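Data block below; observations after.
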Amino acid sequence: MAAAKKAVVGPLVGAVDQGTSSTRFLVFNSKTAELLSHHQVEIKQQFPREGWVEQDPKEILQSVRDCIEKTCEKLGQLNIDISNIKAIGVTNQRETTVIWDKLTGEPLYNAVLWLDLRTQSTVEKLGKLIPGNKNFVKTKTGLPLSTYFSAVKLRWLFDNVKNVQKAVEGHRAVFGTIDSWLIWSLTGGINGGVHCTDVTNASRTMLFNIHSLKWDEELCDFFGIPMEILPSVRSCSEIYGLMKSGVLEGVPISGCLGDQSAALVGQMCFQDGQAKNTYGTGCFLLCNTGHKCVFSEHGLLTTVAYKLGRDKPVCYALEGSIAITGALIRWLRDNLGIIKTSEEIEKLAKEAGTSYDCYFVPAFSGLYAPYWKPSARGIICGLTQFTNKCHISFAALEAVCFQTREILDAMNHDCGIPLSHLQVDGGMTNNKILMQLQADILCIPVIKPTMPETTALGAAMAAGAAEGVGVWSLKPEDLSSVTMERFEPQINIEESEIRYATWKKAVMKSMDWVTMESPESGDPCIFCSLSLGFFVVTSMVMLIGARYLSNGL
């Protein structure tokens, strides 16, 4: 009979990691940064109309509660006392917009996700009101006017949802990104829940001045958003409130960062010029620029990296955002049925060894950085009768790497000093074929921590280091060293450049598929134009599939 595992001694810190595809709760040893246990629940995405992406806020909240409970059960099975959990951090999908009734606690509409495209008409209308020589929105927020950010989603909800309109008029509506919804609910909800957010999430709303670190009255007036519905803005590391129910009742929630900022902290990129790339539903490359706001001339965003304490200075970052990476693998699984599990793509890509001149541009939600072209749509180029599911799988992985290359090139130009290596994290980094392709296409080493849960780790670090908790030291000499796996480039630079140049040709072909203004009412006749590109691609793939996919050739 196996001996019971020895109880863990010392303070522990939990982290809620609420992402686009799933929710997780993870518990770390604050002295060693060791991951002790976790539980994960997949979250459903809803697609009511072409380009619309939603989730149920109540399902998200329940998934958090379930993950906390299940993780604590697992800790008990490992003979680990959950009373050692001294703090909880929260990290979340950013920009996703929730509006709810503060008197009933009920959401007034589904959460509108960051990659939702319904607000394109709103963006076009607002864009005409910004003087070309004085883009006060970008100057104050560091962000281009885009469907990506929360302010335009809020504007759409105000204009199109009667429940929201009535609640706003009745002074009952409150807004938050996912972190705000969770913290308010977990700290009591209608019974004294804390309505707050942190500077990193606030900086993604397009209502927050990243210089003054306050909600901006001029921005709120421009978007028509009443300031009374906004959460209070706090640092990333302080006690916001206590858990009011469940197995961890009484434990403080004391850390909060948007997922990409959390990964930057978890990768310990605390010095100017240090960068990381996270591979999740999308892909996000952040470079720490220290206390300076660096404005990009190559299509990148300027954003708040972190502020690790009320009295600590704020640090900024340049960011390259890619909408579709892991979501592409999910699309191959759920929409085309080329794979049965996400892990299967590595086997198919390895079998092919090449895309055989097949190139995939996954512009499902338009193109984000460095192009910011919402009218782009996904295409597959270079199909022949020889093309099979293995080549398409390889091309999908290459698409992730080519998109990252575009961001890295832009970042090198803005920063002036090319990155000598790329630190990576996220679920997709478990795919060794992907990581080797990334090194080959970037022509620099790719370095991956053997413990890839750096997003949750960053939230745990912020929570454990908060004043009043003090169980996690962020002094450089006290930070635990992380074991790394290194992928070196294995092809010559000339071959890499040829493949990259061909990819760029494919990107140009993906642009301007949507030639008409997209109606927010969802007129199905005009929405045909949005789906035309993918209808053609899907038809071609299915034709090939009928002949080849069944036997895997």
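Spin-label pair Phe295-Asn79: with each label point 7 Å from Cα along the Cα-Cβ axis, the two points sit 6.1 nm from one another.
In sequence order, region 29-43 has phi-based couplings of 7, 5, 8, 10, 6, 6, 7, 9, 6, 7, 9, 10, 10, 6, 10 Hz under the Karplus curve 6.51 cos²θ - 1.76 cosθ + 1.60, θ = phi - 60°, and Gly or Pro positions carry x. Please compute the contact order of the chain in relative form: average sequence separation of alpha-carbon pairs under 8 Å and at least six residues apart, divided by the residue count, as a percent. Relative contact order, the chain: 15 percent. Ignoring lysines fewer than eight residues from Lys307 along the same chain, the ones with Cα atoms less than 19 angstrom from its Cα are Lys140, Lys214, Lys276, Lys292, Lys475. Placing +1 on the Cβ of every Lys and Arg and -1 on the Cβ of every Asp and Glu, with nothing else charged, gives the chain a dipole about its Cα centre of roughly 300 debye. Look at the dipole of the chain built from charges on Cβ: of Met435, Val194, Ala459, the Cα furthest out on the positive end belongs to Val194. Between Asp272 and Thr139, the FRET efficiency from the beta-carbon distance, with R0 = 30 Å, is close to 0.85. Take the Cα of Gln385, step 7 Å toward its Cβ, do the same at Thr450, and the gap between the two points is 5.1 nm. Between Lys504 and Asp311, full extension at 0.36 nm per residue minus the direct alpha carbon distance yields a gain of 64.9 nm.
For region 330-397, the Cα-based Rg and Dmax, in that order, read 12.7, 35 Å.
Note on Lys44: lysines with a C-alpha under 17 Å away, same-chain residues under 8 apart excluded, are Lys58. With a Förster radius of 51 Å applied to the beta-carbon distance between Ser473 and Glu217, the computed FRET efficiency rounds to 0.85. Counting lysine pairs in region 326-469 whose alpha carbons fall under 16 angstrom apart, excluding pairs fewer than 8 residues apart on the same chain, gives 6.
Note on region 336-471: Cα Rg divided by 2.2 N^0.38 Å, N the number of residues, gives 1.26. Counted over the chain with a bin width of 20 Å, the fraction of Cα pairs per bin, in whole percents, is 22, 56, 21, 0. As a length-normalised measure over Cα pairs under 8 Å and 6 or more apart, the relative contact order of region 331-415 settles at 31 percent. Karplus-based coupling profile of region 167-184, in residue order and whole Hz: 5, 5, 4, x, 6, 10, 7, 9, 10, x, 6, 4, 4, 5, 4, 5, 5, 4, with θ = phi - 60° in 6.51 cos²θ - 1.76 cosθ + 1.60 and x standing for Gly or Pro. Using the Cβ-Cβ distance between Val161 and Ser232 with R0 set to 30 Å, the FRET efficiency from 1/(1 + (r/R0)^6) comes to roughly 0.75.
Check the straight Cα-Cα distances from Lys504 and name the aspartates and glutamates below 17 Å, setting aside those fewer than 8 residues away within the same chain. Result set, ordered by chain and number: Asp357, Glu398, Glu406, Asp409, Asp440, Glu494, Glu495, Asp512. Taking a ≥ b ≥ c as the square roots of the eigenvalues of the alpha-carbon gyration tensor, region 380-455 is classed oblate because a/c is 1.5 or more while a/b is no larger than b/c. Separation of region 329-377 from region 293-318 is 31 Å, based on Cα centroids. Sorting the Cα pairs of region 187-288 by distance into bins of 10 Å, from 0 upward, gives 14, 34, 34, 18, 1 percent per bin. Per residue, the chain reaches -10500 deg cm²/dmol at 222 nm when only DSSP H runs of four or more residues are counted, each adding -39500 (n - 2.57). Give, to the nearest whole percent, the P(r) tail of region 236-385 beyond 21 angstrom, counting all Cα pairs. It works out to 60 percent of all Cα pairs. If only the Cβ of Lys and Arg carry +1 and only the Cβ of Asp and Glu carry -1, the dipole of region 104-262 around its Cα centre is close to 400 debye. Residues in region 75-80 carry Karplus couplings, in order, of 4, x, 5, 8, 6, 10 Hz; the curve used is 6.51 cos²θ - 1.76 cosθ + 1.60 with θ = phi - 60°, and Gly or Pro positions show x. For region 83-223, the average shadow cast by the Cα convex hull is 9.6 nm², which is a quarter of the hull's surface. Residues whose amide H lies under 5 Å from that of Gly290, counting only those 5 or more places away or on a different chain, are Gly273, Tyr316; hydrogens are built 1.01 Å from N in the peptide plane. Ranking Pro57, Ile82, Ile43 by Cα position along the charge dipole of region 1-115, where only Lys, Arg, Asp and Glu carry charges on their C-beta atoms, puts Ile82 farthest toward the positive end. Full extension of the segment from Asn430 to Leu336, taken as 0.36 nm per residue of separation minus the current Cα-Cα distance, would add 31.6 nm.
Bear in mind these aren't lab numbers, they're just calculated from the coordinates by the rules spelled out. Just so you know, these numbers come straight off a predicted model, no measurement behind them. Here the Cβ is made from the backbone with ideal geometry for all residues, glycine too, and neighbour counts use every protein chain on show.
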